[in-house]
Amino acid sequence: MKDRWLLVLALALLGIGAAGLAFVYTANAWGPALRGPRDGGPYASLGERIYLTGRDASGDAIPRSGLPVSEDFLMMGGGGCASCHGPDGRGGTIGMMQGSVTTPDIRYDALENEGFDEEAIAEAIVDGRDEGGEQLDALMPRWKMSDTEVSAVIEYLKELSDR
């Protein structure tokens, strides 16, 4: 009889633990979309929202193409630019399973110093090409953004330069 109660208690605790893990996973996966501007969320602009979350004004994930690493596989659940370039845009080294990758500083002033203008930045975001028209690293996703979304991200990169 005592063993039966221990078994019931153990199963109940396992169920509670599984429910807790499911809640945490769901909160992390949907959190950025739920905290957006529609409900007075923390984003000061569309550009900030896209940069941090990879989600559009409606809260939907912005489609992108590229290697699996840039298509949600290792991109922190499909996050935005900040997943690789950091919340401050300064880039850095990201450890991966088989090594690491160094991402560049993408604040507007840093890109401008490298020869990028707004048109070249837009090309990098959408087509994966650098200021000279050469292909960027395959890890860089090719974002399927509207002109308005690209402009919003570029404006946000300018804000990051001022910080």
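Bear in mind that the values in this text are calculations on the coordinates, not laboratory data. Note that the structure is a prediction, hence the values are computed from the model and not measured. No Cβ is skipped: glycine too gets one built from the backbone with ideal geometry, and neighbour counts run over all protein chains shown.
For the range 104-128, give me each residue that is buried (at least 16 other Cβ atoms within 10 Å of the Cβ) and under 22 Å from ALA61 (Cα atoms). Before you say what the answer is, go through the steps one by one.
Step one: filter the range 104-128 for residues buried (at least 16 other Cβ atoms within 10 Å of the Cβ), giving 104-108, 110-112, 116, 118, 120-126, 128.
Within the range 104-128, ILE106, ILE121, ALA122, GLU123, ALA124, ILE125, VAL126, GLY128 meet the criteria.
Yes or no: the range 139-160 includes at least one residue that is under 19 Å from the mean Cα position of the chain (by Cα), at positive phi and buried (at least 17 other Cβ atoms within 10 Å of the Cβ).
Taking every residue of the range 139-160 in turn, none turns out to be under 19 Å from the mean Cα position of the chain (by Cα), at positive phi and buried (at least 17 other Cβ atoms within 10 Å of the Cβ).
For the range 97-144, enumerate the residues that are touching a helix residue (DSSP H, G or I) at 6+ places or on another chain (Cβ under 6 Å) and of a type in the set (S, T, N, Q).
Across the range 97-144, the qualifying residue is only THR103.
Show the residue pairs meeting these rules: Cβ distance below 8 Å; 6+ apart or different chains; first residue within the range 81-102 and in a strand (DSSP E or B); second residue among the small types (Gly, Ala, Ser) and buried (at least 16 other Cβ atoms within 10 Å of the Cβ).
Sorted first by the residue in the range 81-102, then by its partner, the pairs are GLY92/GLY86; THR102/GLY91.
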